[in-house]
There are 2 protein chains.
Amino acid sequence: MAPVKNGRILFNERPEDFPVPGQHTIYDDSETIDLDSVPLNGGFLVKILVLSMDPYLRGKMRKVADLGDSFEIGKPLYNEGVAKVLRSEHPEVKAGDHIFCTLPFQHYTILHSLKDTNGARDVIVLHNKENLPWSAYTGVVGMPGQTAYFGWKEYASPTKGEVAFVSGAAGPVGSFVVQLAKADGLKVIASAGSDDKVEFVKSLGADYVFNYKKEDTAKVLEREGPINIYWDNVGGSTLDVALVNAARQARFIECGMISGYNLAGGDIIRNLSRVVWREIKLFGFIVYSLFPKYAEQFYEEVPKLVKSGTIKYTEDKFIGLEQAGHAMEAVQRGTNKAKAVIIVAED
Amino acid sequence: MAPVKNGRILFNERPEDFPVPGQHTIYDDSETIDLDSVPLNGGFLVKILVLSMDPYLRGKMRKVADLGDSFEIGKPLYNEGVAKVLRSEHPEVKAGDHIFCTLPFQHYTILHSLKDTNGARDVIVLHNKENLPWSAYTGVVGMPGQTAYFGWKEYASPTKGEVAFVSGAAGPVGSFVVQLAKADGLKVIASAGSDDKVEFVKSLGADYVFNYKKEDTAKVLEREGPINIYWDNVGGSTLDVALVNAARQARFIECGMISGYNLAGGDIIRNLSRVVWREIKLFGFIVYSLFPKYAEQFYEEVPKLVKSGTIKYTEDKFIGLEQAGHAMEAVQRGTNKAKAVIIVAED
């Protein structure tokens, strides 16, 4: 077979604020690959089906990354995704397998070991007994779902009747947290950035859901709070207001702070002294640290809950690898409708 | 016996920034008390010997207190101290006993129950087998010592060889923490606000002690860090710099934030997003919440350690109740030389 194009999304320029497709990231189709004859050298060739687009990737565009390594200028972006094995010389992977791991933003790649591109976690072969869409493995059954599940189990210490506040509640992490909190018998206050998102979060059973662009978070929390648990996906002024409306011994689960990702000087917080007087605990965490403790339980429980509809989720599909830069900008600006996934190819 | 004057320090006016004696607090000696004949109604009359002056009292001067109730305008300040019982009709307290509890800032008072003025904790009868100065019971063996001891036991999770940073390290809490951290085999970086304080903290065994007014905290932490544990007595820009220089999974023990107590708008923090990426935990706490868990162990261990000189402490004595307003201002401005105590009367 003749070589085919192997399009890639390259990191082109460090953004000062929001990452703009065509400027900070570019789509390049100058490379080709011969799928039949490219040497594997003991590795395996995969066709990338789905790539995840997540808020935290903005931090990899900095010279010093917030987490792990920075993206390299002129090299492809990378993130978790699902790929199908086309050919393999690796003893533990065979053609036709579907794998989940960190993947470069391109159509085809060769992997040489079961350590992923980050060198951190193992490549997981997905059995998908529940026959979920592959994209679910980048969302509710992927890193975002694990973030919600692991973080809640480890840090929430919920007591029935307490009040939880979830920001970014329509996203893949937030929407899962809302459902976990309701299952634990809490009153759930939730915020999102559009009326459609608000409707989705209401459908998950949250008690009071509001569009933070239309309704003042401070007033909502004054009326509906004080809050015992704050699941923070956004940081910034929302976090500041949550500190003011925290109950004594509140737990703040610090999952992300997107409001500051695109600000050169970082976000300003004025009410942190409340942590002393109200005995608030702030738990910053990264999902990977909790993986060894909770992953088995997660993969055992969650795909079944998703299949049965007990745990609901939504996706905003960006079709085609060329759309990755747009997906990134949308996620940073919050204009995506739900968890952003890039559908690179059909299975 | 004729009535004697019962001088008091009254809360006179809410400060905007620093509390100035004669303006925000005044000394009033218009009241008298007849020590022989004043009716006790089942309570006990005490002569106040020592009153503690602590940073957190600034928060009680706000309309809405940071902690507990606000001081009332026209009424005496109050804080923990040691008093001697002169007469008693209470079955569990007898003349000659020394007690520790929250006391009003005046010379004599009548207590009616073993709940203290705050209504929160029991009045403690001090046996003082070690024959320590009574003032020690407001410092190293009092609330500040308990703060250090309880907070360290509960939240530090120290591992030998880790690096701890202690701000406000010459104070009664900080100096105790430095000694606990050294006893646990840590490298200790410590900051204080004068050369004399630096010398004192060096004498406690800290590895690198600096005067933050002369040496840039950011540079010290860059060179001596990253830090695994931050014992925060000050908040503000020091906390911000500590966040930048925190090791992965660092523990921040948030004990006080004096840098913001006298600022109308609160302190600005810009680097809180580090808690996510570095998986930092911030533990805000109030000593009283940990009292039930650690108090017995504390009173068993600490007076002995102080008596033997294993745990060292210093005091800055303000002689005479009239000096209380000056002691308060000094503590807020950091011009006190060590733990501030007000010596109200000789035993």
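Of note:
- B:Ala247 vs. criteria of a type outside the set (Ser, Thr, Tyr), more than 21 Å from the chain's Cα centre (by Cα) and part of a strand (DSSP E or B): yes
- A single member of A:Val20, A:Val50, A:Val4 is over 26 Å from A:Thr335 (Cα atoms) and among the β-branched types (Val, Ile, Thr), and it is A:Val4.
For (1) among the acidic types (Asp, Glu); (2) at pLDDT below 95, each residue gets a yes or a no:
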residue: B:Pro104; (1), (2): no, no
residue: B:His112; (1), (2): no, yes
residue: B:Ala120; (1), (2): no, yes
residue: B:Lys129; (1), (2): no, yes
residue: B:Glu154; (1), (2): yes, no
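- Every residue from the range B:149-167 that is within 23 Å of B:Phe291 (Cα to Cα) and out of contact with any strand residue (DSSP E or B) (no Cβ under 7 Å at 6 or more places or on another chain): B:Tyr149, B:Phe150, B:Trp152, B:Lys153, B:Glu154
- Being within 22 Å of B:Phe298 (Cα to Cα), assigned to a loop (DSSP other than H, G, I, E, B) and touching a residue at least 60 places away in the same chain (Cβ under 8 Å) is a property that B:Glu80 lacks.
- Here B:Gly96, B:Gly42 are screened, and the one residue that is out of contact with any Asp or Glu (no Cβ under 9 Å at 6 or more places or on another chain) and in a loop (DSSP other than H, G, I, E, B) is B:Gly96.
- Applying the condition of being among the small types (Gly, Ala, Ser) and open to solvent by less than 50 Å² (accessible area, probe 1.4 Å) to the range B:19-49 and asking which residue is nearest to A:Asn245 (Cα to Cα) yields B:Gly43.
- Residue match in the range B:95-104 (condition: out of contact with any Phe, Trp or Tyr (no Cβ under 7 Å at 6 or more places or on another chain) and under 23 Å from B:Gly171 (Cα atoms)): yes
- Enumeration of residues in the range B:61-78 that are away from every other protein chain (no Cβ under 11 Å) and on the phi < 0 side of the Ramachandran plot: B:Met61, B:Lys63, B:Asp69, B:Ser70, B:Phe71, B:Glu72, B:Ile73, B:Lys75, B:Pro76, B:Leu77, B:Tyr78
- Listed by position, the helices (runs of 4 or more DSSP H) enclosed by the range B:128-221 that each have at least 3 residues that are over 23 Å from B:Pro303 (Cα atoms) are B:195-203.
- Test: residue in the range B:293-304 that is among the aliphatic types (A, V, I, L, M) and assigned by TED's automatic domain parsing to the domain that holds B:Tyr56: no
Let's see how each residue does on (1) under 19 Å from B:Pro39 (Cα atoms); (2) assigned by TED's automatic domain parsing to the domain that holds B:Ser30; (3) surrounded by fewer than 19 Cβ atoms within 10 Å (Cβ to Cβ):
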site	(1), (2), (3)
B:Gln106	yes, yes, no
B:Thr109	yes, yes, no
B:Ile124	no, yes, yes
B:His127	no, yes, yes
B:Trp134	no, yes, no
B:Tyr155	no, no, no
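- Number of positions in the range A:268-316 that are surrounded by 16 or more Cβ atoms within 10 Å (Cβ to Cβ), assigned to a loop (DSSP other than H, G, I, E, B) and either without any contact (Cβ under 8 Å) to a residue 60 or more places away in the chain or within 14 Å of chain B (Cβ to nearest Cβ) (or both): 9
- Some residue of the range A:50-68 being more than 28 Å from B:Gln249 (Cβ to Cβ) and either open to solvent by less than 40 Å² (accessible area, probe 1.4 Å) or touching a Phe, Trp or Tyr at 6+ places or on another chain (Cβ under 7 Å) (or both): yes
- Qualifying residue in the range B:19-36 (condition: of a type in the set (Ser, Thr, Tyr), in contact with a Ser or Thr (Cβ under 8 Å, 6 or more places away or on another chain) and not in a loop (DSSP other than H, G, I, E, B)): no
Per-residue answers, yes or no, for (1) over 23 Å from A:Lys281 (Cβ atoms); (2) open to solvent by 20 Å² or more (accessible area, probe 1.4 Å):
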| site | (1), (2) |
| --- | --- |
| B:Phe165 | no, no |
| B:Gly174 | no, no |
| B:Lys182 | yes, yes |
| B:Leu186 | no, no |
| B:Glu215 | yes, yes |
| B:Val220 | yes, no |
| B:Trp231 | no, no |
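- The residues of the range B:233-256 that are at pLDDT below 95 and open to solvent by less than 10 Å² (accessible area, probe 1.4 Å), listed by number, are B:Gly235, B:Gly236, B:Gly256.
- Remark: pairs (first residue in the range B:320-347, buried (at least 20 other Cβ atoms within 10 Å of the Cβ); second residue polar (S, T, N, Q); Cβ separation under 6 Å; 6+ apart in sequence or on different chains) = B:Gly325/B:Thr25; B:Gln332/B:Asn262; B:Val341/B:Ser135; B:Val341/B:Thr138.
The values are calculated or read from the model by the stated rules, or taken from the named source; none is laboratory data. Please read these numbers as outputs of a predicted model, since none were measured by experiment. Positions of Cβ are generated from backbone atoms using ideal geometry, with glycine treated the same way; all protein chains shown enter the neighbour counts. Keep in mind that these areas ignore ligands, DNA and RNA; they rest on the heavy atoms of the full protein, side chains included. Shrake-Rupley method; radii C 1.70, N 1.55, O 1.52, S 1.80 Å.
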